[in-house]
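What follows is a set of notes on a single structure, which appears directly below.
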Amino acid sequence: MYDILDLYQEPHDPKRPVVGVDERPKQLIGEKKKPIPMKPGSPEKMDYEYVRNGSVNIFVAVDHKRGKRDAKVTDRRTKKDFARYIKRLIDEVFLDAEVIRLVVDNLNTHNESAFYETFKKEEAERILSKIEFHYTPIHGSWLNVAEIEISAMDAECTGRRIEDKKTLIDELLAWTVRRNKDGKKIDWRFTKEDADRKLSKHYVS
């Protein structure tokens, strides 16, 4: 916990950004009946019945001090999906970074073996040379700023019925571009001192 909180207290360094990464499953849900559009004085009306169209995974990454985020839809959430997404962050999203300090939870896909199982050794080592893993404690995933970004994503974009993968990808792209253009940052205020005051009774001596 202290490791993560120390990272969040550092000034922003574009060459060594702190980037929170997390995933969120998303059910694709269609309408059995066409919704009644909203009109003045009356909200949109949807039938309670719906059609399940499967599910996908959404990777979300956020540099909370710069106000930059990325989101990508994948069919699954395997080690290979994780490794390919981190490669995307290095090669496409945070091109200028020398090292990405990656904040992730303890999911069994979030480790170095994912890269060796996905890429050839040389490529895996190239990617890993540009990553510094920082793990949230067990039962402490709330320390990952990506969870806050995912909450914003749900509130502003994905927390509604979306019937197919293409629509979800298009909606997420529009949402991501808008938030990046607006430079939406996350003002993290919880410090080590706050942790000691509120959580010290749970510490192991």
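The values are calculated or read from the model by the stated rules, or taken from the named source; none is laboratory data. Given the structure is predicted, the values throughout are model-derived calculations rather than measurements. So basically every Cβ, Gly included, is an ideal-geometry build from the backbone, and we count neighbours across all protein chains shown. Ligands, DNA and RNA are excluded from the accessible area calculation, which covers all protein heavy atoms including side chains. Shrake-Rupley method; radii C 1.70, N 1.55, O 1.52, S 1.80 Å.
List of remarks:
- Residue 124 falls short on exactly one of the conditions (1) farther than 14 Å from residue 61 by Cα; (2) open to solvent by 40 Å² or more (accessible area, probe 1.4 Å), and that condition is (2).
- Filtering segment 80-104 to residues that are open to solvent by less than 40 Å² (accessible area, probe 1.4 Å) and either modelled with pLDDT under 95 or in a helix (DSSP H, G or I) (or both) leaves 81, 82, 83, 85, 86, 89, 90, 93.
- The residues listed here are 116, 85; of these, the one that is among the aromatic types (Phe, Trp, Tyr) and touching a helix residue (DSSP H, G or I) at 6+ places or on another chain (Cβ under 6 Å) is 116.
- Checklist (1) of a type outside the set (Asp, Glu); (2) under 23 Å from residue 15 (Cβ atoms); (3) free of Cβ contacts under 8 Å to residues at least 40 places away in the same chain; (4) surrounded by fewer than 17 Cβ atoms within 10 Å (Cβ to Cβ) applied to residue 184, failing item: (3)
- Test: residue in segment 137-146 that is assigned to a helix (DSSP H, G or I), open to solvent by 60 Å² or more (accessible area, probe 1.4 Å) and not aromatic (Phe, Trp, Tyr): no
- Only one entry in 170, 154 is open to solvent by less than 70 Å² (accessible area, probe 1.4 Å), assigned to a helix (DSSP H, G or I) and among the acidic types (Asp, Glu), namely 154.
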